[in-house]
1. Let me know the Kirkwood hydrodynamic radius for the chain, please, with Cα pairs as the basis and the value in Å to one decimal.
2. Report the calculated FRET efficiency for residue 36 and residue 92 (r = Cβ-Cβ distance, R0 = 22 Å), to the nearest 0.05.
3. Testing the spin-label approximation: label points 7 Å from Cα along Cα→Cβ at residue 79 and residue 56. State their distance in nm.
4. Over the chain, with a Gaussian network built from C-alpha contacts below 10 Å, which listed residue (41, 32, 83) shows the highest mean-square fluctuation?
């Protein structure tokens, strides 16, 4: 049920971070692999829908995350580079 709660976070960056972590299997991860990079196999068209965003809002937030090197967009994928820092962003919301 926590996944549904993540989609109700009002802060756009926090909601996007929580959704990306959930999709990468790192939202509630623990142990040695909790902070390992993870790839999300989804296109830039699919990801905004999965995060409950408009494409424009998702693009703006994603650009900021990429600038901070939290994620790396790829062809039909997105790599979460730093789950620990992204988790900090998610927990602000």
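1. Hydrodynamic radius (Kirkwood, Cα pairs) of the chain is 12.8 Å.
2. On the way: r = 22 Å, r/R0 = 1.02.
After rounding, the FRET efficiency stands at 0.45.
3. 3.1 nm
4. 32
No value in this document is a laboratory result; all are computed from the given coordinates. Because the structure is a prediction, the values reported are computed rather than measured. With ideal geometry, Cβ positions are generated from the backbone for all residues, glycine too; neighbour counts draw on all protein chains shown.
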